[in-house]
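Written out below as structure tokens is the structure these notes cover.
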Amino acid sequence: MTTAAELLTSRFGYTDFRPGQQEVVESLLAGRSALAVFPTGAGKSLCYQLPALMLEGVTVVVSPLIALMKDQIDLLARRGVDAARLDSSLDANEVRAVSDRLRDGSLKLLYVAPERFNNERFLAQLGQTKIALFAVDEAHCISEWGHNFRPDYLKLAARACELGAERVLALTATATPAVVADIRAGFGIEERDSVVTGFYRPNLTLLTTPVRAPERDQALINRLRERPPGPTIVYVTLQRTAEHVAALLAAAGLPARAYHAGMNADDRVEVQEWWTESTANIVVATIAFGMGIDKADVRYVYHLNLPKGLESYSQEIGRAGRDGEPSICELFACRDDVPTLENFAFGDTPTPEAIAGLLDDVFAHRQGEQFAVSEYELSSRHDVRPLVLKTILTYLELDGFLEQGTPFYAGYRLRPSNGEWDDVYETFDPDRAEFLRRVLASGKEGRVWTSIDPDAVPGEERERVVKALGYLEQQGLVELKVADVRQRFTLVQRPPSLDELRERLTARFQRREQSEAERIDRVVALVEHEGCQVQSLVGYFGETRADPCGHCSYCLTGSAQRLPEPTPTPRFDLDRAVLDELAAEHPTALGTPRQRARFLCGLSSPATTKAKLTRHPLFGALAEQRFATVLAAVGV
């Protein structure tokens with residue numbers, strides 16, 4: 001049998017493991033689950049790719065990063081490894097081809113997004129598949145107190161168990177000791193199988209430069225001109241800032257383009273390829289850029305705005321100098337950024353009234369009763385952002401009030417692949433053809449697509465209908481689209497007091513809000529730290545370094561820095577009469593002080609979007625003010 005070391009050389013072309021890789025691989029090959037906390041670019045992916053070739057069964061890799069999936073699959077294909085992905089960018093024929101390879105056992109690695117586990121057909125297929133390894137990238141998302149908590153991740157541990165995965169591998173580049181403990185507890189990983197290699201990067205020069213807001217654009221231009229050209233990322237907070245700064249740099253004769261989530265997919269791919277293939281180009285980007293992109297020679301990473309926390313900062317500077325060559329990371333630090341960063345956190349916090357309304361909906365059911373909800377409808381009805389709604393429902397599960405079942409789609413849309421239903425019917429014997437006619441007759445026929453509710457086919461069980469639709473798609477007889485995902489829940493027990501539960505949930509979100517504000521404070525504290533900034537940064541992640549680094553701003557200058565005071569915000573005169581009149585017209589969207597404060601600070605919500613209030617002149621009129629100031633003004 002080929003050993004891991006032999007496979008490392010013969011298939012992957014490496015003579016030695018990088019730090020930590022061998023320990024993780026050995027844990028997995030011994031049949032145990034493992035955690036790998038490696039810096040960005042330190043080789044986390046090999047920790048599941050190599051075992052995948054040695055284990056009998058498929059390795060399922062869960063990742064939110066489509067760019068990472070594409071890059072890794074292309075690389076694995078060149079190495080002769082059968083790997084595929086399932087994500088929203090694939091058409092029906094591509095999905096069917098992947099499903100066929102999964103079914104016949106030829107597939108060794110399957111990359112999927114966390115949301116794929118809302119697909120009941122996918123879960124049914126995985127349930128019939130031998131899963132040798134269940135790898136979860138960005139595993140810090142499982143931690144409620146991590147910097148990027150995602151409720152879907154809390155479900156992944158349960159899904160891995162339900163699907164009979166033989167072992168789990170959790171991977172992340174950024175995790176504090178508390179988050180490491182959360183990951184280990186969530187996935188049942190023993191301490192001996194938790195491998196943390198450290199965060200120190202000796203080839204990175206970390207500079208923090210205090211600057212006033214009106215001066216920093218020119219400061220960036222000066223830096224770019226005075227240093228030798230090289231692949232560069234400039235991180236900013238807002239999409240409009242990315243566009244503005246990219247245009248500014250281009251006008252100064254620098255090869256710069258913007259990248260952000262508001263661009264269409266083709267434009268993002270074009271910018272990414274333009275930058276990746278260059279040795280001198282500059283991309284001005286929001287945090288949507290960089291994750292999963294394999295470019296080792298990034299020479300400069302600039303932060304024109306404060307990052308939202310040390311976790312984000314560490315991850316973003318980690319994209320520089322992956323080739324081990326000297327690289328510079330510079331943060332232009334300005335207190336004016338703090339209100340915008342704080343407002344992102346405040347925008348997510350639901351009002352007590354919204355939580356109360358949601359609880360009334362959930363606990364209107366009888367104990368032991370199974371019910372289904374549309375998260376989209378609940379989000380809109382109670383003016384709670386979708387991710388926040390998922391979080392509340394997850395909290396209710398963790399507290400033992402709810403138990404989630406398998407999600408399902410309330411609607412399917414299909415059309416015959418060749419345009420004629422009679423050709424589909426002729427494929428089957430008379431009984432099955434008649435069954436299909438009844439299914440189609442129960443639906444709503446449009447110009448191109450027929451919409452089917454699997455629960456509304458007279459005399460037929462949902463399971464048979466869904467299975468039949470899936471079979472038609474697998475055989476290439478129809479194109480199938482799903483819609484209106486519903487979450488199944490069972491009400492396990494009722495709380496002794498809904499008011500007490502509402503207060504507890506409200507306090508929980510307020511603590512998260514405070515936690516996000518503290519993350520921003522820690523970034524400011526790093527800039528002003530009286531001592532080696534690298535020691536302070538890696539210490540936050542639990543790594544102790546005895547000696548100063550010699551290549552941060554403090555070590556290079558011998559003195560601590562002080563941020564200038566923020567630019568005074570202009571006094572605002574709020575036209576209360578206009579606001580009160582607008583709130584009276586839209587009580588669902590603007591009925592509470594927090595809703596009105598969000599609206600004035602330019603923070604959208606499901607209700608303001610539905611009411612088209614984001615187009616109103618008052619929306620974002622006080623975006624430069626601190627949220628607490630605006631909340632105090634509208635709360636009286």
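The values are calculated or read from the model by the stated rules, or taken from the named source; none is laboratory data. For clarity, every value in this text was computed on a predicted model and none was experimentally measured. Positions of Cβ are generated from backbone atoms using ideal geometry, with glycine treated the same way; all protein chains shown enter the neighbour counts.
Yes or no, residue by residue, for (1) of a type in the set (D, E, K, R); (2) modelled with pLDDT under 95; (3) within 22 Å of V338 (Cα to Cα):
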| position | (1), (2), (3) |
| --- | --- |
| D182 | yes, yes, no |
| F199 | no, yes, no |
| R223 | yes, no, no |
| P228 | no, no, no |
| P231 | no, no, no |
| V234 | no, no, yes |
| R240 | yes, yes, yes |
| L249 | no, no, no |
| H260 | no, yes, yes |
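Which condition number in (1) more than 20 Å from the chain's Cα centre (by Cα); (2) surrounded by 18 or more Cβ atoms within 10 Å (Cβ to Cβ) is the one that E191 fails?
Checking E191 against (1) more than 20 Å from the chain's Cα centre (by Cα); (2) surrounded by 18 or more Cβ atoms within 10 Å (Cβ to Cβ), the one that fails is (2).
Can you confirm whether T176 is β-branched (V, I, T), in contact with a Cys (Cβ under 9 Å, 6 or more places away or on another chain) and assigned by TED's automatic domain parsing to the domain that holds V62?
no
Which condition from (1) touching a residue at least 24 places away in the same chain (Cβ under 8 Å); (2) touching a helix residue (DSSP H, G or I) at 6+ places or on another chain (Cβ under 8 Å) is the one that P202 breaks?
Only one criterion is unmet by P202, namely (2).
Would you mind finding the one in E115, E138, E162, E166 that is under 14 Å from the mean Cα position of the chain (by Cα) and surrounded by fewer than 19 Cβ atoms within 10 Å (Cβ to Cβ)?
Answer to the selection: E115.
Yes or no: E330 touching a His at 6+ places or on another chain (Cβ under 8 Å), assigned to a strand (DSSP E or B) and within 23 Å of R216 (Cβ to Cβ)?
The answer is yes for E330.
Look through F134, F117, F149 and report the one residue that is in the same structural domain as T59 (by TED's automatic domain parsing), among the hydrophobic types (A, V, I, L, M, F, W, C) and under 30 Å from P416 (Cα atoms).
F117
I'd like the full set of residues that are surrounded by 14 or more Cβ atoms within 10 Å (Cβ to Cβ), over 25 Å from the mean Cα position of the chain (by Cα), in a helix (DSSP H, G or I) and in contact (Cβ under 8 Å) with a residue 60 or more places away in the chain, limited to the stretch 351-390.
Answer for the stretch 351-390, where residues must be surrounded by 14 or more Cβ atoms within 10 Å (Cβ to Cβ), over 25 Å from the mean Cα position of the chain (by Cα), in a helix (DSSP H, G or I) and in contact (Cβ under 8 Å) with a residue 60 or more places away in the chain: P352, E353, A356, L359, V362.
From the list L123, L55, exactly one residue is within 30 Å of A5 (Cβ to Cβ) and either at pLDDT 80 or above or of a type in the set (S, T, Y) (or both). Which is it?
L55
Within the stretch 77-121, restricting attention to residues that are out of contact with any helix residue (DSSP H, G or I) (no Cβ under 7 Å at 6 or more places or on another chain) and β-branched (V, I, T), which residue is nearest to Q49 (Cα to Cα)?
V112
Among A589, A632, which is the only one that is in contact with a Ser or Thr (Cβ under 6 Å, 6 or more places away or on another chain), of a type outside the set (K, R) and either over 30 Å from V180 (Cβ atoms) or at pLDDT 90 or above (or both)?
A589
Could you check, for the stretch 428-440, whether at least one of its residues is buried (at least 19 other Cβ atoms within 10 Å of the Cβ), not hydrophobic (A, V, I, L, M, F, W, C) and not in a strand (DSSP E or B)?
no
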